[in-house]
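Notes follow the structure.
Computed from the coordinates by the stated procedures, all read-outs in this text should not be read as laboratory data. Please read these numbers as outputs of a predicted model, since none were measured by experiment.
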Amino acid sequence: MESAFYGYYYVSKDCISNTWDTKAIELYLLNTGYFSDNGNGSFGHNSTLLSLQLMLVSDYSSWSSNDYNSIDTNYVSIVSTKKNESVIEQFFQDFEIFLGRQIIEEANDD
């Protein structure tokens, strides 16, 4: 599929050495009732195209889904549909409040 259909986002700590508690994020996502745990820090929304990958990265510009850490997280990669869906907008607002950080749209190189 073409990237125009997808939105690529992330949320990260202000400093790479600062972290969130991975288990707290996982519990938050599961307690919403909207996400399934796909293993190794990967979560998928049950009714729309919205997936998250929790990671502990050593470089914000170079990472992979293999950077999952069950204790600490400093970077969350998010992929969603580009369609203006209220469920995604509401999740973004709530997740930003929970994490205390703003979700950023990745630059599009197209």
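For Cα Rg over 2.2 N^0.38 Å, several values are listed as (i) 3.31; (ii) 1.66; (iii) 1.01; flag the one computed from this structure.
(iii)
List the residues whose amide H sits under 5 Å from the amide H of TRP20, counting only those 5 or more places along or on another chain, with H placed 1.01 Å from N in the peptide plane.
Result for TRP20 returns THR73, ASN74.
Return the long-range amide H neighbours of GLY7 (sequence gap of 5 or more, or a different chain), with a cut-off of under 5 Å between placed amide H atoms.
Those qualifying (amide H under 5 Å, at least 5 residues apart or on another chain) are SER80, THR81, LYS82.
Output wanted: per-residue J couplings in Hz (rounded whole) for the stretch 58-65, from phi through Karplus 6.51 cos²θ - 1.76 cosθ + 1.60, θ = phi - 60°, x for Gly and Pro.
9, 8, 5, 9, 9, 8, 8, 5
Amide H to amide H, which residues 5 or more places from LEU50 or on other chains are under 5 Å from it, using H placed in the peptide plane?
Result for LEU50 returns HIS45.
Residue separation times 0.36 nm, minus the C-alpha to C-alpha distance between GLU89 and SER51: what's the value? Walk me through the numbers before you get to the answer.
On the way: separation 38, 0.36 × 38 = 13.68 nm, distance 1.36 nm.
Stretched out fully, the GLU89 to SER51 stretch lengthens by 12.3 nm.
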